[in-house]
Every structure is written in C-alpha cells, then in structure tokens.
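Please read the structure below before turning to the comments.
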Amino acid sequence: MLLKLTTLPGDGIGPEVVDQAVRVVEEVARAFGHQLSITRKPIGGAALVASKNPLPDDTLQACLSSSAVLLGAVGGPSFDSFPAHLRPESGLLRLRRELGVFANLRPAVCLPALEDCSPLRPEVARGTNILIVRELLGGIYFGQPRQTEGPAGNRSAVDTMRYSEPEIERIAHVGFELARSRRRKVTSVDKANVLDCSRLWRDVVTRVAQQYPDIKLSHMYVDSAAMALVAHPAEFDVLLTENMFGDILSDQAGGIMGSLGMLASASIGGSVGLYEPVHGSAPDIAGRGVANPLGAILSVAMLLRHSFKLEREAACIESAVSEVLAAGNRTRDLVTPGQPALSTSQMGEKVAEAVAQRARVDRGKVAI
Ligand code: IPM
Ligand code: MG
C-alpha cells in the first residue's frame, strides 16, 4: 500500500517527537512491505516566523492532498502576546476545521509497566482503559460571536458556546460505534444543570442511544466526571464529550497515567485524518532531546488503523511500545528520581527495533 503522509512537526518538542514517529513508520513500511511518501511542512509558530501565517496555504494543500497528517505540537510562550488570529493555535484550529475532523479520539490506557507512574494508588489506576471521544469542531472553540471590546481598564470579552443537533448526533454515533468494539459503555459528559448547550447535548445523545440498545449509556455532569475520573478511572469505557470538556478531561486523563507524554490522538470524520500526541509543545524541555516520543509514536499506530485500516501494523507498534516499556525503558517523564532515562531518539530506536523484530516473528509464523 502507498502511505502518503504529510508531517507537520510544528513547535517546541514537536519536531523531536515527530522525527521518532517517522523513524517508526519507516520501519513499519519496510517490515510490512508498504511504500511511504512523506511531505514535511511548517505549521504554528514555526510557520508564523517564516511566513506570518500559522497555517500557510502550501501546508494546507499538502495536507488535503495526502491520506493522513501527523502533527507534533504548536504554540510557545513567545507568541503569547500575539492577537488571536496570529497565534500558533489558530493554525491548528483552522487545520482541524479545513480537514473536517469533528471526532477526536484520545485513548488513555494504564499499561501494566507504567502502573507505578500514576500519582494514584496502583490499585486505583490499574486496568484503566478509557477512550475519550471529543467533539472537535463546535462549541466554545468556534462559536460566534467572540470578541473583546471596550477601553483599556474596562474591557469585556465574549465567547459563544453553540451546538446544533446534527453536530451532536454525528459525534454521538462515533462514540456508540466505537463502544461496540470495546466494553459497550458510554458516559456522556455535560453540564445540563446549567447550560442550554448541555441540555441539548443530553437530549440528542439519549435519542441517538435508542439506535444502540446493546450499549449502556449514562450521563454525568462534567464536575462530577472530573472527580470520578480520579476516584475510579477504571470504571470508564467511552467518555463522550463536547469540545472544551474533552480538552480538559483528556489532560486530566494524562495526569492519571502519570505523564501526558504517552497520550496519542486521532482526529477523524473528515476528508483526511489528523494525528497528534496530546502533550503539546512543552517549551520548557524543547530542543534538549529528553521528550517522550511515545505519544507521537502511538499516534502513528492510530493513523495506520484509522486512515489505512492497517490493524496488524497498528497493533505491532502498540505491542512494541508495551514491550519496550515492560523491559524497563523510560524517558525522563516516566522515571523515578535516580533512575536512568533514555533520550527521545534512544526511545524511538528501541521501539523501531521492537517493531522490526515483531514483524520478523510475524512473517515467520506466516511462513510456517
Ligand atoms: C489539544 C490542545 C489544543 C486544543 C490547543 C493547542 C488549541 O490543547 O489538542 O488538546 O485546545 O484543542
Ligand atoms: Mg488540550
């Protein structure tokens, strides 16, 4: 198969982790006999510096004409004072919208090897396997009007949270469908005791649920979901949320795992899938070669699964990551004080080696 990808390394630790994710996908292509074509383009702060546009046309066109996009991260403190449309984040938000990727999937899995990384007691974190299904193109991120007005010292600002029934319906279907290949539980998150958007959300999700009698649906207010997520994370299966609640709860899920560095994501539902680690640009450690590339590497697994239906290849990466961690390999974010840490590229190399080795074993099995 031809794997036609665009990579957008972006800012901060983005380029470092994307390099390692590319190294792993090259290994997968070699081992499983796929042809790989990768175009690398600027986005975010990197693009702003080069062309005053956080999403240059050339970058967008490259994304639209590829089969999947792998993004590192955008943003950094040097852009904090820029106006909204000239912030690195606006490039990412526009890219999501242009690609039409309304469904953001963020798995949060507590791997046995990493139980001791969680700040929660091991018996609480153990067995946690959550899939956050976050609506990505609506709500307060995109609602109009949004503006700041008035004279300095007496300004006021408004953002609008808006949802339509079709927008809620389509993301609910994604959540229920995905629950069918998991433990068949959906927890829908809202703030229906306060917000109109949330009352509509609950209403529509309940209606869509009638088409999925095999799925157990429950509703939870977002504040109570935040509490339950740390009190008993292992009880959740699919967590269905609107845009901002999903943004917040997915970082919290990362905290429960002990490091955001492990979390991968897939944004799907549009013309081209967009895959990115959840961790962001982490400017404090950028350029030092210590970032954890596993979130980006696991995002490549999601890319192969969702954009190319290459389940065997995706599973191979996931098993390789588990194996490398089980052997005790850790980047700096995962070590306990005094334990040795691998660099970003050493971790990438370990995973690439494990992928190659697993693929050899796989081929051996086929030959027998
Ligand atoms: C995320 C990030 C983005 C978001 C930012 C960078 C715009 O926090 O993907 O979770 O808020 O969606
Ligand atoms: Mg976020």
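The values are calculated or read from the model by the stated rules, or taken from the named source; none is laboratory data. Keep in mind that this is a model prediction, so the values were computed, not measured. Here the Cβ is made from the backbone with ideal geometry for all residues, glycine too, and neighbour counts use every protein chain on show. With ligands, DNA and RNA removed, areas are computed over all heavy atoms of the protein, side chains included. Shrake-Rupley method; radii C 1.70, N 1.55, O 1.52, S 1.80 Å.
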Going by the conditions given, is Gly280 more than 15 Å from ligand 1 (Cβ to nearest atom), open to solvent by 10 Å² or more (accessible area, probe 1.4 Å) and outside any helix (DSSP H, G or I)? no
Pull up the stretch 226-241, narrow it to residues that are open to solvent by less than 20 Å² (accessible area, probe 1.4 Å) and closer than 24 Å to Gly295 by Cα, then point me to the one that is nearest to ligand 1 (Cβ to nearest atom). Thr241
Residue match in the stretch 242-251 (condition: within 12 Å of ligand 1 (Cβ to nearest atom), under 22 Å from Cys110 (Cα atoms) and of a type in the set (Phe, Trp, Tyr)): yes
With Val230, Val222, Val189 as the choices, which residue is β-branched (Val, Ile, Thr) and over 30 Å from Val69 (Cβ atoms)? Val230
Find the helices (runs of 4 or more DSSP H) located wholly in the stretch 178-258 whose residues include 3 or more that are within 16 Å of ligand 2 (Cβ to nearest atom), and list them. 222-231, 243-257
Could you identify the single residue in Thr148, Thr128 that is open to solvent by less than 10 Å² (accessible area, probe 1.4 Å) and either on the phi < 0 side of the Ramachandran plot or among the aliphatic types (A, V, I, L, M) (or both)? Thr128
Residues of the stretch 55-75 being over 20 Å from Leu3 (Cα atoms) and within 11 Å of ligand 1 (Cβ to nearest atom), which ones? Ala73, Val74, Gly75
Which of the residues that make up the stretch 147-177 are in a helix (DSSP H, G or I), closer than 16 Å to Ser198 by Cα and not charged (D, E, K, R)? Pro166, Ile168, Ile171, Ala172
Return yes when His173 is open to solvent by less than 80 Å² (accessible area, probe 1.4 Å) and within 21 Å of Val101 (Cα to Cα) and no when it is not. yes
Which condition breaks for Met347 when tested against (1) in a loop (DSSP other than H, G, I, E, B); (2) in contact with a Pro (Cβ under 7 Å, 6 or more places away or on another chain)? (1)
Is it the case that some residue within the stretch 309-318 is outside any helix (DSSP H, G or I), open to solvent by less than 10 Å² (accessible area, probe 1.4 Å) and at pLDDT 95 or above? no
Pairs only if they're at least six apart or on different chains, beta carbon under 8 angstrom, first in the stretch 280-291 and closer than 18 Å to Asp251 by Cα, second open to solvent by 70 Å² or more (accessible area, probe 1.4 Å) and within 15 Å of ligand 1 (Cβ to nearest atom); list them, first residue then second. Pro283/Pro77
